[in-house]
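Any read-out appearing in this document is the output of simple, stated calculations on the displayed coordinates, not a laboratory observation. As the structure is a computational prediction, the values presented were derived from the model and not from experiment. Positions of Cβ are backbone-derived with ideal geometry, glycine not excepted, and every protein chain shown enters the neighbour counts.
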Amino acid sequence: MVAVAVVNQKGGVGKTTVVLGLASAASARGLAVLVVDLDPQGNATTGLGVFEPGPGVDRVLAEERPGGLASEVEPSAWPSDLGPVPDLVASSPDLAVREPQLATDPLGAQDRLALALRGGAGIDHDLVLVDCPPSLGLLTVNALFAVDAVLLVTEPGAWAVDGVARMVQTIDRIRLRRPDGRPNLVGISVNRLGRTRDGRYWHEQLGEAYPGRCLPPVHLRAAVTEAAARSLPVHALGRRPGAAEAAAEFDALLDRLPLSDGLAGTPVEAVA
Ligand SMILES: Nc1ncnc2c1ncn2[C@@H]1O[C@H](COP(=O)(O)OP(=O)(O)O)[C@@H](O)[C@H]1O
Ligand SMILES: [Mg+2]
């Protein structure tokens, strides 16, 4: 099992889109994937076709429960003809109230998700994708304490470089506090790349600020929005214009994830 958090403290950059695209690619490849929806807005939960979820991740974080994640896993409602149907630990609106409650735990509540994921019998999926909320609060911190690696998503827009820098700093601070020195940075996923001069300019700026760190980009495409709106995997959109191209871009991104245990022989590099 390899766990990857998809992060950015900004909203609307494409975290959930990348999580769903990767889940689609992983499923099409025959992998068992689990999506943990840590955003109270629950977009990954509905994107996976689950409209009446169980208590999900909110119950997992309510108290210290080693191995507690396994008991909240439910199947998503994606079609089963693509590959193994992704599983989900759902979000719920209650999660928004959980975050300030976590902050009152005198012993610190940074590692509840880590305990729930790694304790007990654990999780036996090939890949766990954690969709993070748009903040650097305790929910995102819980994700960073729990995962092996981080995929930082950004748009190629103004202030993207600054936003990435803040997140990289946060990851580094967590690495210092974790005995295993994780999470590693898989890289920067540049999403919603349009064919405009502006997009090209900010994409170049990111490449210059983080040489060798930018992953193959995901372009702005109507097929990506359509997949989310219809709660379908982008790999199941068939001959829709742009669907095959979008699917291929998520396949390329999946290729860059550390899919073997222990991260051996993978392109993952430590954060500088
Ligand atoms: N590559 C893309 N092509 C087209 N639309 C996209 C793309 N990436 C994201 N979007 C759209 O942009 C909006 C924000 O994306 P989302 O994944 O919800 O961001 P976040 O999870 O970071 O808040 C959504 O409506 C989504 O469908
Ligand atoms: Mg989101």
The exposure ranking of LEU22, LEU102, LEU206, fewest beta-carbon neighbours within 10 Å first, is LEU102, LEU206, LEU22
With label points built 7 Å along Cα→Cβ from the Cα atoms of ALA158 and GLU64, find their separation and express it in nm. 4.7
With label points set 7 Å from each Cα along the Cα-to-Cβ direction at LEU176 and ALA222, the distance between them in nm comes to 5.0
Please give the contour-minus-distance gain from GLU74 to GLN9: 0.36 nm per residue of separation, less the Cα-Cα distance, rounded to one decimal in nm. 20.7 nm
Taking neighbour Cβ counts within 10 Å as the exposure measure, how do ASP255, ASP81, ASP37 sort from fewest upward? ASP81, ASP255, ASP37
Which residues qualify? For LEU88, with a placed amide H closer than 5 Å and at least 5 residues away or on another chain, they are VAL35, GLU74, SER76
Peptides 168-175, 13-20, 66-73 ordered by average Cβ neighbours within 10 Å, highest first: 13-20, 66-73, 168-175
What percent antiparallel are the DSSP beta bridges of the stretch 2-257, to the nearest 5? 5
Given R₀ = 22 Å, FRET efficiency for GLN169-ASP105 by Cβ-Cβ distance, to 0.05? 0.35
Out of residues 5 or more away from CYS214 or on other chains, whose amide H comes under 5 Å of its own, with H placed 1.01 Å from N in the peptide plane? ILE188
Highest first, please rank the peptides 126-134, 114-122, 55-63 by the mean number of other Cβ atoms sitting within 10 Å of their residues. 126-134, 55-63, 114-122
All other residues with a Cβ under 13 Å from the Cβ of PRO179 taken together, and with Lys, Arg as +1 and Asp, Glu as -1, what is their net charge? +3
When only C-alpha pairs under 8 Å and at least 6 residues apart count, what is the relative contact order of the stretch 2-257, in percent? 26
How many percent of the alpha carbon pairs in the chain exceed a separation of 24 Å? 44
In order over the stretch 133-139: 3J(HN,Hα) from phi, Karplus 6.51/-1.76/1.60, θ = phi - 60°, whole Hz, x for each Gly or Pro, gives x, x, 7, 9, x, 5, 5
Given a Förster distance of 30 Å, the FRET efficiency implied by the Cβ-Cβ spacing of ARG240 and THR196, rounded to the nearest 0.05, works out to 0.85
In whole Hz, the Karplus estimates of ³J(HN,Hα) for the stretch 119-132 (6.51, -1.76, 1.60; θ = phi - 60°; x where Gly or Pro) are x, x, 6, x, 10, 10, 6, 5, 9, 10, 10, 9, 8, 8
